[in-house]
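Asks: One structure, pasted below without further comment.
The values are calculated or read from the model by the stated rules, or taken from the named source; none is laboratory data. Being a predicted model, the structure only gives us computed values, none of them experimental. Here the Cβ is made from the backbone with ideal geometry for all residues, glycine too, and neighbour counts use every protein chain on show. The accessibility values were calculated without ligands, DNA or RNA, using every heavy atom of the protein model including side chains. Shrake-Rupley method; radii C 1.70, N 1.55, O 1.52, S 1.80 Å.
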Amino acid sequence: MPSKLDLIRALLLSEWDPIGVSGCEGAEDEYDRYALQVFSMLDDGADAESIANYLTEVVTDRMSLPGRPEADRLIAARAVKIHQSQAAGDDGG
């Protein structure tokens, strides 16, 4: 069974994917650092709004791309659900 961190990694790659690398060979780890940060923030009690703000900041400040706050809010809400899920593994690895 995939860990919660693995599920968040997959979420960012398949649905957040601001640079459009999902499905590209060798891009599986493209957003790992962001997934780890999201996971860590959730472990520390961050809510969906904080996660969404972080994702938007990554896109606009680090990647210099146009922000998608609405999409980031949806991804953040899904990440919170993953983190709260009892079905996934209890830890990040």
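Asks: Hey, could you check segment 45-85 for residues that are outside any helix (DSSP H, G or I) and among the charged types (D, E, K, R) and say which is surrounded by the most Cβ atoms within 10 Å (Cβ to Cβ)?
Replies: Looking at the filtered set, the residue picked out is ARG68.
Asks: Just name the residue that is most open to solvent (accessible area, probe 1.4 Å) out of those in segment 18-44 that are within 9 Å of the chain's Cα centre (by Cα) and farther than 15 Å from ILE82 by Cα.
Replies: Step by step, filter segment 18-44, then rank; the result is ASP32.
Asks: Got a sec? Which of GLU57, GLU30 is within 13 Å of ARG9 (Cα to Cα) and of a type in the set (D, E, K, R)?
Replies: GLU30
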